[in-house]
1. Quick check: anything in the stretch 78-85 closer than 24 Å to I144 by Cβ and more than 15 Å from the chain's Cα centre (by Cα)?
2. Taking only the stretch 65-113 into account, find how many residues are within 25 Å of M1 (Cα to Cα) and either touching a Pro at 6+ places or on another chain (Cβ under 9 Å) or hydroxyl-bearing (S, T, Y) (or both).
3. Go over the candidates S64, S27, S85, S56 one by one and state the one that is out of contact with any helix residue (DSSP H, G or I) (no Cβ under 6 Å at 6 or more places or on another chain) and under 18 Å from S136 (Cα atoms).
4. Of the residues T22, T16, only one is in contact with a helix residue (DSSP H, G or I) (Cβ under 9 Å, 6 or more places away or on another chain), touching a residue at least 12 places away in the same chain (Cβ under 8 Å), more than 26 Å from L126 (Cβ to Cβ) and of a type in the set (V, I, T); which?
5. Filter the stretch 1-38 down to residues that are of a type in the set (A, V, I, L, M) and not in a helix (DSSP H, G or I) and give me whichever is nearest to F60 (Cα to Cα).
6. Any chance you could count how many residues in the stretch 39-71 are outside any loop (DSSP other than H, G, I, E, B) and modelled with pLDDT under 95?
7. Scan the stretch 10-65 residue by residue and report those that are acidic (D, E) and surrounded by 22 or more Cβ atoms within 10 Å (Cβ to Cβ).
8. Taking the residues in the stretch 33-74 that are among the hydroxyl-bearing types (S, T, Y) and more than 18 Å from T121 (Cα to Cα) as candidates, determine which candidate is nearest to the chain's Cα centre (by Cα).
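The values are calculated or read from the model by the stated rules, or taken from the named source; none is laboratory data. Note that the coordinates shown come from a computational prediction; the quantities given were computed from them, not determined experimentally. As a convention, Cβ positions derive from the backbone with ideal geometry for all residues, glycine included, and neighbour counts pool all protein chains shown.
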Amino acid sequence: MTRALLVVDVQNEYFTGKHPITYPPGSLKNILRATDAVANQGNPLILVQHTSPQESSVTFKKGSDEWKLHPEVASRHYDRLAEKSLPGSFMGAGLGSSLRGADVDTVTVAGYMTQMCCDTTARQALHHGFSVEFLSDATGTLDIANKAGKVAYEELHRAVLVTQGMKFSNVIRTEYWINSIEV
């Protein structure tokens, strides 16, 4: 099995910007542990960076401090940086063909936000024929409120994990995943 770790949108926006990630605690620490583990195994590490296509955007505006990758993630060795402007990491980034070219058959998803870009990326990976692993404590979210209603971060995160585990992904904790790839 050749796996690639996709670290989705671990950008300053989620730390110092308008959308601070609050759940689960320690998600960044687990993302960093996963990046170190995959690097030690020699498997591909793909960083994904969201860019807002609108010039007037107040979030993920290309070149802004909030748009930049979190420094802890950016400082690690990675094999590819894929920029995207939609929630799914496979849209227009050439990611599927790049992963197939590297003989990857399993994609592991970590990053932000659980219910948006991580969920969409995992579903797209399955649709592209990859086996998918979803790191439950290395993905994260925040409380969401809009005109449709409000949902608390814990409930939102859990609902996505349960849905991912039904059909799309093998939902696992980072510690278990690290132990399984080190075998």
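1. No, the stretch 78-85 contains no residue that is closer than 24 Å to I144 by Cβ and more than 15 Å from the chain's Cα centre (by Cα).
2. So the count comes out to 11.
3. Going through S64, S27, S85, S56 in turn, just one is out of contact with any helix residue (DSSP H, G or I) (no Cβ under 6 Å at 6 or more places or on another chain) and under 18 Å from S136 (Cα atoms): S27.
4. T22
5. Restricting to residues being of a type in the set (A, V, I, L, M) and not in a helix (DSSP H, G or I), the top hit is V10.
6. So the answer is 3.
7. E13
8. T59
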